[in-house]
Structure formats: C-alpha cells, structure tokens
C-alpha cells in the first residue's frame with residue numbers, strides 16, 4: 001500500500017469544503033492556538049522596552065501584543081498624592097497583581113481584555129482603557145514580572161535584561177526629567193531611597209528565575225536573534241510543547257504523515273504495518289539519540305585532513321514496557337550496536353491502578369542513560385509506574401528519555417508534569433482518549449497489530 005499523492009489529498013479536502021459551503025453548513029472553526037508568553041524583567045531603564053521592540057520587529061508573520069506592568073500600578077489616593085515623594089513605586093505592593101493575573105489569564109485563553117492606561121503625572125488610570133486582542137505572542141514587560149510565582153507560571157519564556165547600574169541611572173534621569181516632568185534632584189532622591197533598595201531586595205533576586213539573561217540589553221543583537229529563533233521554533237510546535245520544555249515532537253513532513261496514514265489505517269496488512277511502523281520507530285530513536293550527551297573529537301580523514309566531530313558518550317541502555325515496547329527494540333539495536341535492553345511488565349488494575357508484574361534490568365542501570373520504550377502513551381499510568389521503578393533503581397530523572405510513536409494529551413500531562421527533568425520524544429500528539437482510555441484517533445492495539453496476535 002502506498003500513500004495517496006499529496007495533490008489528490010488536497011483536492012479532496014478542497015472539494016469537501018466547497019460541498020459543505022454549497023449545503024449551507026458552517027465550516028469548523030480552527031483549533032485554539034496556545035499563545036507563547038514571554039516575560040521580560042530587569043532594573044529600571046535597563047532597556048526592557050527596547051528588547052521587546054526588537055523582538056516584535058522580527059516577528060513578521062505572527063501577531064504580537066506587548067503588555068506593560070506599569071499599566072497595573074495602583075491609583076494613588078488624595079492622601080498619598082500629597083506625599084507622592086514618599087511612595088515606593090518599585091515595591092511589589094505598588095502593583096495591582098490580581099488584575100494583571102486576570103488580564104494575562106484571559107489573553108492566554110484567547111479572550112479580549114481591557115488594559116488600564118496609567119498616567120505617570122497624575123498617578124491614576126485614565127478612563128480610556130486599552131483594548132487588547134489575543135495574539136500568537138504575548139510579551140509582559142516590567143521590573144517585577146519575575147517576582148511573583150503566579151505570574152511566572154503563566155510564562156513560556158522568562159528573560160532578564162542585565163544592564164550596568166550607572167547606565168540605568170543615567171537613562172532614568174533622562175527619562176523622568178523629559179517624559180515625566182521631574183527635576184534631577186527629585187529623581188536622585190527617589191533612586192537612593194526607593195529604586196536601588198527595591199532593586200536589590202526584589203528585582204535582582206528574580207534574575208535566578210530567568211531562562212535567558214541578556215547583558216547590555218538592546219545592544220546585544222546576538223541574544224535577540226537567538227530568542228527570536230527560539231520563539232519561531234516554539235510557535236511551529238504543538239500547544240503542549242509550549243507548556244512542557246521536556247516534550248519533543250519530531251518535525252512533521254509529508255513522508256511522516258504518509259507513514260502515519262498507513263499504520264493508522266484499519267485496512268493495512270500486517271506486513272505493511274510492521275514495515276512502516278519500523279520506519280517511524282527508527283526516526284523516533286534517531287531523534288532520541290540527539291538528546292544524549294556528546295563530546296568533541298578530532299579525527300584524521302583518508303585525505304589526511306583533520307575533521308572536528310563529536311563522539312557519543314557511552315553508558316546507554318534500553319528498557320521496553322512489555323509487550324508493545326518490544327517492537328521498538330530492533331530499531332534501537334540497529335542504531336546502537338550491542339546495547340543492553342531491560343524489560344518491565346506492568347498489569348492494569350481497574351481504570352487507573354497499575355501493578356508491576358516483572359522487571360529485569362541491567363545491574364548497573366543507575367550509571368546509564370535509559371531509553372524507555374513504549375509506542376503508545378495513553379493515560380500515562382503505566383509510564384508513571386515504569387519511570388518510578390527506574391528512579392527507585394537509582395537512575396537520575398534527567399538520564400531518562402521516553403520514546404513513543406503517538407501520545408495522548410492526558411498521558412503527556414501525567415508524565416511531563418510529574419517528571420519535568422525526563423525527556424519525552426514522540427512523532428505525533430493525538431486528540432484525546434475515549435471512554436475506554438484508548439488513544440483517539442490512535443492506531444488500535446499496537447502490540448497485536450505488530451506481532452500479528454489480533
């Protein structure tokens with residue numbers, strides 16, 4: 001069996017679409033796309049806004065919205081306005097964090113929000129709130145956006161702009177005197193009494209939560225380019241990849257989609273099923289190998305030239321979850337000659353319980369990187385049991401790479417959230433589970449189809 005030509009498939013979809021239109025049926029809305037949320041923190045006048053604008057300028061084909069933490073300052077009462085020079089605007093309590101959280105959560109859900117328009121001269125929000133639409137990328141910028149753990153949890157990427165304190169002070173003097181109508185002495189007094197102490201107590205400690213630290217702010221073009229490349233990569237991935245940094249889906253191509261079409265087809269014969277399943281498994285194994293540690297090595301080629309390459313660091317083994325996981329062993333052996341492979345047998349108990357029936361693992365497994373093999377990740381209960389066993393044998397969590405062909409969102413949540421240091425590699429993420437905990441659309445009972453016992 002061969003996959004249908006792409007053009008024929010495309011024409012079929014097009015004909016079906018116009019057929020629906022002619023019958024007066026409404027086309028199905030596209031699935032909700034999880035936005036990519038970036039937090040950009042740093043000291044006052046560190047160049048946060050410049051960094052944000054540079055990122056936005058390179059996002060040519062995606063919609064981007066910039067939300068400024070300064071919009072969420074508490075409005076000052078008349079009493080506080082009379083002593084405004086005694087008010088600390090750099091303290092976490094100066095912000096309405098609850099409103100900020102509400103707005104960000106609505107944007108993440110694809111809902112329009114109203115952002116307050118704060119006036120720095122009157123120290124109050126104006127009546128004209130700014131309407132913000134949901135976007136592909138949401139950037140939250142402010143001095144304390146990495147301080148509150150609830151706000152950090154909303155982010156897919158956290159950035160800290162690190163700029164010399166003298167440069168930041170000079171910029172603040174220029175900004176506050178020109179844009180906000182303040183005198184130089186007042187700016188300096190405020191800096192000494194509130195800005196610097198708050199930076200040392202609240203802002204600088206939040207630097208440890210950043211995924212990326214940008215020295216020199218907007219002058220660091222290389223850092224900006226790398227960040228933009230990462231954003232583009234994440235936007236092209238499944239929504240769950242934006243949630244879990246330890247989830248990896250191999251890049252989909254028409255060749256891979258064609259093989260999935262064949263192994264998922266109920267009419268596919270056993271011989272063809274095994275052939276195309278083996279090809280997909282080999283791709284997943286090769287991708288998994290790319291996550292193992294390598295070291296640099298120089299060799300001499302037959303031409304007498306020196307080539308600088310890499311060599312894989314030894315100490316690797318496989319562990320298959322019996323029985324469907326055994327279908328992945330041949331591909332692993334083909335890629336890693338002489339590799340040791342252990343086995344785990346887990347029996348289901350009811351809807352969620354799992355009992356370990358049998359395990360045979362290498363005696364030195366605690367000192368090895370482990371490829372855990374199971375082609376279908378459904379509820380994740382068996383996977384959690386197997387990973388927990390490996391951890392009890394002394395295998396570090398970051399040394400485990402779990403390989404699948406397909407995975408359901410429920411299983412991904414169960415595994416990736418509980419074991420954030422473990423890596424999960426799959427070739428496709430399916431829609432859901434049915435009432436019998438089977439992956440939908442899925443590919444049926446993989447072990448039975450592969451070994452011919454159906």
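Computed from the coordinates by the stated procedures, all read-outs in this text should not be read as laboratory data. The structure presented is a predicted model; accordingly, all values stated were derived computationally and were not measured. No Cβ is skipped: glycine too gets one built from the backbone with ideal geometry, and neighbour counts run over all protein chains shown.
Brief remarks on what is shown
- Potential lengthening of the chain between residue 189 and residue 279 amounts to 25.5 nm, from the contour at 0.36 nm per residue minus the alpha-carbon distance.
- Quotient of C-alpha Rg and 2.2 N^0.38 Å, computed over region 156-294: 1.79
- Separation in nanometres of the label points that stand 7 Å from Cα toward Cβ, at residue 367 and residue 233: 3.3 nm
- The chain - mean residue ellipticity at 222 nm from DSSP helices (-39,500 (n - 2.57) per run, n ≥ 4, rounded to 500): -10000 deg cm²/dmol
- Using only alpha-carbon positions in region 84-200, the gyration tensor eigenvalues give semi-axes of 28, 18, 13 Å once each is multiplied by 5 and square-rooted (largest first).
- Within region 217-310, the ratio Rg/Rh, alpha carbon atoms throughout and Rh by Kirkwood, equals 1.13.
- The residues 191, 87, 358, when put in order of fewest to most other Cβ atoms within 10 Å, stand as 358, 87, 191.
- Region 36-235 - share of DSSP beta bridges that are antiparallel (%, nearest 5): 25 percent
- Rounded FRET efficiency, nearest 0.05, which uses the C-beta distance separating residue 130 from residue 178 and R0 of 22 Å: 0.40
- Spacing of the two label points (7 Å from each Cα toward its C-beta) at residue 434 and residue 252, in nm: 2.1 nm
- Centre separation in Å (Cα based) which lies between region 84-112 and region 379-418: 37 Å
- Alpha carbon convex hull of region 321-402, volume per residue in cubic angstrom: 90 Å³
- Rounded to the nearest 10 degrees, the inclination of helix 48-57 to the longest alpha-carbon principal axis of the chain is 50 degrees.
- Enclosed volume per residue, in Å³, of the convex hull spanned by Cα atoms of region 239-451: 145 Å³
- Ascending count of other beta-carbon atoms within 10 Å, so fewest first, for 214, 256: 256, 214
- Rounded to whole Å, sorted largest first: equivalent-ellipsoid semi-axes of region 36-235, Cα gyration tensor: 27, 21, 15
- Bridges between two residues of the chain, per DSSP, are antiparallel at a rate of about 35%.
- Using distinct alpha-carbon pairs, which all enter the 1/r mean, Kirkwood radius of the chain in Å: 25.8 Å
- Against the main long axis of the alpha-carbon atoms of the chain, helix 409-418 sits at an angle near 70°.
- For region 239-451, the share of DSSP beta bridges that are antiparallel, to the nearest 5, is 40%.
- Equivalent ellipsoid semi-axes - Cα gyration tensor, region 309-360, angstrom: 29, 11, 9
- On Cα atoms only, tilt of 254-264 relative to the major axis of the chain in degrees: 50 degrees
- Cα-based Rg and Dmax for region 362-401, where Dmax is the largest Cα-Cα distance (Å): 10.3, 30
- P(r) for region 366-454, from all Cα pairs and a bin width of 5 Å, is 3, 14, 25, 23, 16, 10, 6, 1, 0 %, short bins first.
- Exposure proxy shown here: for 150, 438, the number of other Cβ atoms within 10 Å sets the order, fewest to most, as 150, 438.
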